[in-house]
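The structure appears right after this line, and notes come after that.
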Amino acid sequence: MDSQLVVIPAHNEEKSIIGVINDLHKHGFYNIVVVDDASTDNTFSVANERVKVISLPYNLGAWKATQTGIRYGFENGYKQVITFDADGQHLASSLSALVEHHSLGLFDIVIGSCLSRASLARHLAWGLFRRLSGVKVQDLTSGLRVYNRKAMEVINLPEATLLEYQDVGVLLLLKTHQISKTESPVKMIKRKDGISRIFYSWGAVVYYMAYTGMLCLSKIAKMHRFSVSRKSSL
């Protein structure tokens, strides 16, 4: 069984993707798959010269591209899958510590956490969602994660495909299936190119807040129904 795979979801990242791949190679990470999320630039051709590329026929969004890569890793027998951004924010130099932490076997997922990159508004939003969801993760939107096979199996479930973002919804799903997780501090830098998939416009922010808020409220409603059902059966 292969040991480790780095998954890079990418949409229109031709300006940064080679630098990201080179950084990973420099630090000893060679098993890499780029999931090209129907880019309209040269992301596919640029990345395909260096690593394996899975090309999606339609733009499905960062989470579903990430899920595609995780599914590929699971089906091909990898013990660990590392998800890594294509925009240059993540640093390959931080991966050895994350992988070592994960390899201790104490947690199913290790999340690379960088709280300094977030604005006050984002911290307030994170705090609200943590309180509503009960998910005890400080950096809710970090895409730098190490998954084991147990966690990958949950990510492959149909309900994971219905989600739009890999933050609260995915973390709630993992919590429901008793997937253990922890955070490890990492350094991140400003993206080299492109825009945030969530915070690129006020409309996108409003949609994200409403969508994530509904996920949290549905979780609360489900817990309430369970509590009422349990009391009535006693």
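Quick notes on this structure:
- Matching option when the condition is of a type in the set (A, V, I, L, M) and either open to solvent by 20 Å² or more (accessible area, probe 1.4 Å) or touching a helix residue (DSSP H, G or I) at 6+ places or on another chain (Cβ under 7 Å) (or both), among VAL51, VAL20: VAL51
- In segment 111-125 there is no residue that is without any contact (Cβ under 8 Å) to a residue 60 or more places away in the chain and either in contact with a Lys or Arg (Cβ under 6 Å, 6 or more places away or on another chain) or at positive phi (or both).
- Pair list, Cβ under 9 Å, 6 or more apart: segment 17-38 residue touching a residue at least 40 places away in the same chain (Cβ under 8 Å) and among the basic types (Lys, Arg), other residue in a helix (DSSP H, G or I) and crowded, with 19+ Cβ neighbours inside 10 Å: LYS26/ALA92
- Condition check for SER39: more than 25 Å from GLU164 (Cβ to Cβ) and open to solvent by 10 Å² or more (accessible area, probe 1.4 Å): no
- Out of TYR165, TYR211, TYR200, TYR207, one residue alone is among the aromatic types (Phe, Trp, Tyr) and modelled with pLDDT of 75 or more. It is TYR165.
- SER96 meets the conditions (1) in contact with a helix residue (DSSP H, G or I) (Cβ under 9 Å, 6 or more places away or on another chain); (2) surrounded by fewer than 23 Cβ atoms within 10 Å (Cβ to Cβ); (3) polar (S, T, N, Q); (4) over 24 Å from LEU60 (Cα atoms) in every case but one. The failed one is (1).
- Residue check, PHE107 under 27 Å from THR212 (Cα atoms) and crowded, with 19+ Cβ neighbours inside 10 Å: no
Per-residue answers, yes or no, for (1) in contact with a Ser or Thr (Cβ under 6 Å, 6 or more places away or on another chain); (2) touching a residue at least 40 places away in the same chain (Cβ under 8 Å); (3) not basic (Lys, Arg):
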residue: VAL53; (1), (2), (3): no, no, yes
residue: ARG71; (1), (2), (3): no, yes, no
residue: ASP87; (1), (2), (3): yes, yes, yes
residue: LEU91; (1), (2), (3): no, yes, yes
residue: LEU95; (1), (2), (3): no, yes, yes
residue: GLU100; (1), (2), (3): no, no, yes
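- Segment 142-172, subset more than 18 Å from LEU115 (Cα to Cα) and free of Cβ contacts under 8 Å to residues at least 40 places away in the same chain, residue surrounded by the fewest Cβ atoms within 10 Å (Cβ to Cβ): PRO158
- Residue within segment 133-141 that is of a type outside the set (Lys, Arg), modelled with pLDDT of 85 or more and open to solvent by 40 Å² or more (accessible area, probe 1.4 Å) present: yes
The values are calculated or read from the model by the stated rules, or taken from the named source; none is laboratory data. All figures in this text were calculated on a predicted structure; none of them were measured in a lab. Using ideal geometry, Cβ is built from the backbone for each residue, glycine included, and neighbour counts are taken over all protein chains shown. Quick note on the areas: whole protein, heavy atoms, side chains included, nothing else; ligands and nucleic acids left out. Shrake-Rupley method; radii C 1.70, N 1.55, O 1.52, S 1.80 Å.
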